[in-house]
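The values are calculated or read from the model by the stated rules, or taken from the named source; none is laboratory data. These numbers come from a predicted model, not from an experiment. Note that we place each Cβ from the backbone using ideal geometry, even for glycine, and neighbour counts take in every protein chain shown. Just so you know, the surface numbers come from the protein's heavy atoms only, side chains and all, with ligands and any DNA or RNA stripped out. Shrake-Rupley method; radii C 1.70, N 1.55, O 1.52, S 1.80 Å.
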Amino acid sequence: MSKNSKVLNLKDKISGNEVDLSLCNLTEVPVRELALFPKVTVVDLSCNNITSLPPEFCNLTHLVKVDLSKNQLTSLPDDLGNLVNLQHLDLYNNKLTNLPVSFSQLRSLKWLDLKDNPLELGLAKAAGDCLDEKQCKQCATKVLQHMRAIQEEVDHAREKRLLREKELERKREAKQREREAREREARKREKAEEKEKRRKEYNAQKAALAAQEQQKKKSEEKKKKNGQAADKKVAVESKPKPRRSVIGLIFKLLLLLLVGLAGVAAVCRLTDLQKEAFCLPINAAVDDGLSWAKEQQIVLRQLVQNLSTAAKEFLESTQTSKN
């Protein structure tokens with residue numbers, strides 16, 4: 001069956017604002033076809049084999065009355081509360097055990113039938129028997145109250161979960177901030193240590209350069225002083241050189257003269273020339289010199305003897321004074 005035929009068949013089942021799809025052996029709700037007729041507010045889907053409602057069913061917000069009795073429904077969509085205009089809902093004789101929490105949002109609901117469903121105990125107690133119009137209206141009121149209480153519990157649990165998650169997130173953020181603060185402090189400390197290390201190295205290099213410069217200055221001053229002293233010494237030593245050279249020359253001349261005289265004296269004393277006229281004064285001078293030397297030798301011996309006697313007397317007197 002094509003989509004057009006489905007639409008045509010659905011149009012054939014519409015009467016005013018109502019569409020009757022009961023006893024059609026349906027296994028699913030024709031949501032797309034129903035959405036094409038927004039003026040249809042009453043839908044009868046009873047006595048079919050529908051096991052679930054698609055999520056798109058909750059978009060049919062124009063629905064006011066829905067009959068889903070005598071089907072095989074085991075659950076309802078989570079967003080059923082979107083049907084804000086729904087006033088009448090028949091769920092008689094299905095396989096429902098619970099209702100979605102959003103059911104509490106059906107604020108327009110005035111009539112509800114949940115008979116012959118395996119409802120959980122709390123929901124079954126709130127639903128009651130629903131044997132007449134009054135009981136079905138009470139069922140709607142009490143089930144809405146029950147679902148609102150569940151909604152509050154769910155909201156409270158969700159709020160607690162959110163608070164717990166926020167607290168955990170806050171703790172994680174605090175730990176993250178603390179870890180980041182420690183890392184920043186560690187980086188700051190490392191930078192400070194590195195800076196202090198560079199400062200010490202810089203100061204050490206500066207001190208080494210200053211010491212080298214000071215040593216260089218001292219060396220230059222020492223060299224300068226030594227140079228000045230050397231210059232003075234050279235100046236001082238350079239001045240006597242001519243004198244020393246003159247004295248040396250004189251000394252050499254005297255020595256040559258003495259050697260020459262000695263040679264002449266030796267010639268006049270030891271050779272046959274001693275009887276010559278020019279040797280007579282020389283030999284006489286030599287004899288006088290030898291006589292003078294002998295006299296001086298006697299005087300020297302007498303002086304040494306006197307000094308020895310005096311020293312002996314001095315030692316004896318010193319020993320006597322000590323005793």
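With contacts taken as Cα pairs under 8 Å at a separation of at least 6 residues, region 76-123 carries a relative contact order of 47 percent. Over 24 Å apart at the Cα level, from the set 142/166; 13/95; 39/95; 115/137, are 142/166; 13/95; 39/95.
Classify region 7-108 as rounded, prolate or oblate from the Cα gyration tensor: take a ≥ b ≥ c as the square roots of its eigenvalues, call it rounded if a/c is under 1.5, otherwise prolate when a/b beats b/c and oblate if not. Oblate, since a/c reaches 1.5 and b/c is not below a/b. Across 26, 123, 300, the residue with the most accessible area heads the list, and the full order at a 1.4 Å probe is 300, 26, 123. When the charge dipole of region 83-148 is built from unit charges on Cβ atoms (+1 for Lys and Arg, -1 for Asp and Glu) and taken about the Cα centre, the candidate among 111, 135, 145 whose Cα reaches farthest toward its positive end is 145.
May I ask for the net charge around residue 196, where only other residues with Cβ less than 14 Å from the Cβ of residue 196 are counted and Lys, Arg are +1 while Asp, Glu are -1?
Working: positive: 188, 189, 191, 195, 197, 198, 199, 200; negative: 190, 193, 194, 201.
My count for the surroundings of residue 196 gives +4.
Computed about the Cα centre, the dipole magnitude for region 133-213 is approximately 40 debye when only Lys and Arg (+1) and Asp and Glu (-1) carry charge, each at its Cβ. Placing unit charges on each Cβ (+1 for Lys and Arg, -1 for Asp and Glu) gives region 1-131 a dipole about its Cα centre, and among 75, 49, 62 the Cα reaching farthest toward its positive end belongs to 62.
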